[in-house]
Amino acid sequence: MGPEWRKFQRDSGQLPYRKMFFIAAEGTVTEPQYFNICKTFIDLQPVIRVKCLNVKHSSPPYVLKRMNRCLKEETLKESDEAWLVVDNDRWTEAQLTQLHDWSRKRNNYNFALSNPKFEYWLLLHFEDGHRISTSKECSDRLKGHLPGYDKGIPSGKITREMITKAIERAKQRDNPPCPDWPRKPGTTVYRLVENILNAPDQAV
């Protein structure tokens, strides 16, 4: 179930609430690094916080466990969003179903998956991602655009324009929008990134 668009309610004379995005992802380097890059392209950063949770083990059940632990420690407001971000390349249908079922419990719980892996989303910043069927092919193609890439994004290699183009390409592949996760090469990470970039507009 995709996230619903929301507008912040702001009383006259009061500071806007800083919308929070809680993100629990498999990767401990690339995903946090990427979402921190996204923050730099937000014009009104004071109304946005992106918190990538520290996930020590990458299996989907552990990613979900880390998110549930965080939600017990933090107050998740109705306007906040919680996201599970995982890959498809190693996990079973049952494991992924567990994450998708969690995302249906509340309107601001969400699930994003990249097939075969997160690098596919990165690849869409440079090209359309056609003719990809394995994780290795995905990594090899990405290294053609980011020489020496090894679970890290070189500084200055991702621009706002590239992110916008990646969203467009991901939407073209996710058409009609999948109700759970892409079964062929594709990604729903664009839904999270689009929400992050558009959040300041909702706070007006």
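The values are calculated or read from the model by the stated rules, or taken from the named source; none is laboratory data. Note that the structure is a prediction, hence the values are computed from the model and not measured. Cβ: placed from backbone, ideal geometry, glycine included. Neighbour counts: every protein chain shown.
Taken together, the criteria place L124 among residues that are more than 25 Å from S59 (Cβ to Cβ) and among the hydrophobic types (A, V, I, L, M, F, W, C).
A count restricted to region 129-151 and to residues that are exposed (fewer than 13 other Cβ atoms within 10 Å of the Cβ) and assigned to a loop (DSSP other than H, G, I, E, B) stands at 7. In region 1-95, counting only strands (runs of 3 or more DSSP E) that sit wholly within it, the ones holding 3 or more residues that are at pLDDT below 85 span 48-52.
Here the condition is being among the basic types (K, R) and modelled with pLDDT of 90 or more; of K184, K157, it holds for K184 alone. The set of residues in region 96-121 that are surrounded by fewer than 23 Cβ atoms within 10 Å (Cβ to Cβ), of a type in the set (D, E, K, R) and part of a helix (DSSP H, G or I) contains only D101.
So is Y109 touching a residue at least 12 places away in the same chain (Cβ under 8 Å) and more than 16 Å from R173 (Cβ to Cβ) or not? Against the criterion (touching a residue at least 12 places away in the same chain (Cβ under 8 Å) and more than 16 Å from R173 (Cβ to Cβ)), Y109 qualifies. Within region 117-157, the set of residues being within 18 Å of the chain's Cα centre (by Cα) and among the polar types (S, T, N, Q) is empty.
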